[in-house]
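The values are calculated or read from the model by the stated rules, or taken from the named source; none is laboratory data. This structure is a prediction, so every number in the text was calculated from the model and none was measured. Counting neighbours? That spans all protein chains shown, and the Cβs are built from the backbone with ideal geometry, glycine included. Just the protein is used for accessible areas: all its heavy atoms, side chains included, with ligands, DNA and RNA removed. Shrake-Rupley method; radii C 1.70, N 1.55, O 1.52, S 1.80 Å.
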Amino acid sequence: FVVREVNDQDINDYLISRNLDINANHSSNVKKITLIEHYIWWFKCTRKSYVLLNNGKKILYFYEQKIFKILNKDFYISGWFARSKECSIKEILYALDWQRHKKKHFNWLSFIKKNNKLSIYLSKYLGWKIINKNHSALQKLKLIFKINDKKFIFYERN
């Protein structure tokens, strides 16, 4: 396995992968993203994205982004999406474990659709815990991403 940062040569593949039904259906935004929307987002985005390669073949995209600060504490969001249905649990765990060890001191937040059984299952093995409803970052997270808390479970990892 090799992990590298995405670059402008990945722009179209990133969009195609994100728009696959297996990914869009588990996203907070289920609609297909158009090419022009993606290009506008790509060139102004502050998200740091990576691609996992297995023997030179792109397998999975994953990302991190600083989303806000509360009381001098930075909070980051993370997520991932497979490049195809052939992406295995082993590959997902490798990428997310790489990210966890590379960014040890981040305060992570995430949200998973309640119907995404694979991500819910994997989150337990990667140190994610369900956010307390009184967590200071929860309302801000919901507002930024326009998330309906009836459809999602919210997680944190320190």
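Taking the stretch 51-67, which residues are more than 13 Å from residue 106 (Cβ to Cβ), in a strand (DSSP E or B) and of a type outside the set (Val, Ile, Thr)?
Within the stretch 51-67, 52, 53, 54, 57, 58, 60, 61, 62 meet the criteria.
Do the conditions hold for residue 59, that is, is it β-branched (Val, Ile, Thr) and surrounded by 15 or more Cβ atoms within 10 Å (Cβ to Cβ)?
Working: β-branched (Val, Ile, Thr): yes; surrounded by 15 or more Cβ atoms within 10 Å (Cβ to Cβ): yes.
Here the answer is yes, as residue 59 does meet what is asked.
May I ask you to list the residues in the stretch 82-107 that are more than 19 Å from residue 127 (Cα to Cα), open to solvent by less than 30 Å² (accessible area, probe 1.4 Å) and touching a residue at least 40 places away in the same chain (Cβ under 8 Å)?
82, the sole residue that qualifies.
If we scan the stretch 76-83, do we find a residue that is touching a helix residue (DSSP H, G or I) at 6+ places or on another chain (Cβ under 6 Å), outside any strand (DSSP E or B) and within 26 Å of residue 11 (Cβ to Cβ)?
yes
Select from the stretch 20-44 the residues that are surrounded by 12 or more Cβ atoms within 10 Å (Cβ to Cβ) and either in a strand (DSSP E or B) or touching a strand residue (DSSP E or B) at 6+ places or on another chain (Cβ under 9 Å) (or both) and list them in ascending order.
Across the stretch 20-44, the qualifying residues are 20, 22, 23, 24, 26, 27, 28.
Given the structure, is residue 75 over 25 Å from residue 25 (Cα atoms) and either surrounded by 12 or more Cβ atoms within 10 Å (Cβ to Cβ) or among the basic types (Lys, Arg) (or both)?
yes
Could you list, in sequence order, the residues of the stretch 56-75 that are of a type outside the set (Gly, Ala, Ser) and within 23 Å of residue 8 (Cβ to Cβ)?
First pass over the stretch 56-75, keeping only residues of a type outside the set (Gly, Ala, Ser): 57-75.
57, 58, 59, 60, 61, 62, 63, 64, 65, 66 - these are the residues of the stretch 56-75 that are of a type outside the set (Gly, Ala, Ser) and within 23 Å of residue 8 (Cβ to Cβ).
Filter the stretch 45-56 down to the residues that are within 16 Å of residue 3 (Cα to Cα) and among the hydrophobic types (A, V, I, L, M, F, W, C), then identify the one that is surrounded by the most Cβ atoms within 10 Å (Cβ to Cβ).
Once the filter is applied, the top-ranked residue is 52.
Against the condition outside any helix (DSSP H, G or I) and open to solvent by less than 80 Å² (accessible area, probe 1.4 Å), how does residue 144 come out, does it pass?
For residue 144, the condition - outside any helix (DSSP H, G or I) and open to solvent by less than 80 Å² (accessible area, probe 1.4 Å) - is not met.
For the stretch 108-141, give me the residue count where each residue is at pLDDT 85 or above, open to solvent by less than 100 Å² (accessible area, probe 1.4 Å) and under 17 Å from residue 95 (Cβ atoms).
Qualifying residue count for the region: 9.
Looking at (1) more than 17 Å from residue 100 (Cβ to Cβ); (2) touching a residue at least 60 places away in the same chain (Cβ under 8 Å), which is the only condition residue 16 fails?
(2)
Residues are listed down the side, and each one gets a yes or a no for (1) within 14 Å of the chain's Cα centre (by Cα); (2) acidic (Asp, Glu); (3) part of a helix (DSSP H, G or I):
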| site | (1), (2), (3) |
| --- | --- |
| 100 | yes, no, yes |
| 105 | no, no, no |
| 109 | yes, no, no |
| 112 | yes, no, no |
| 119 | yes, no, yes |
| 134 | no, no, no |
| 140 | no, no, yes |
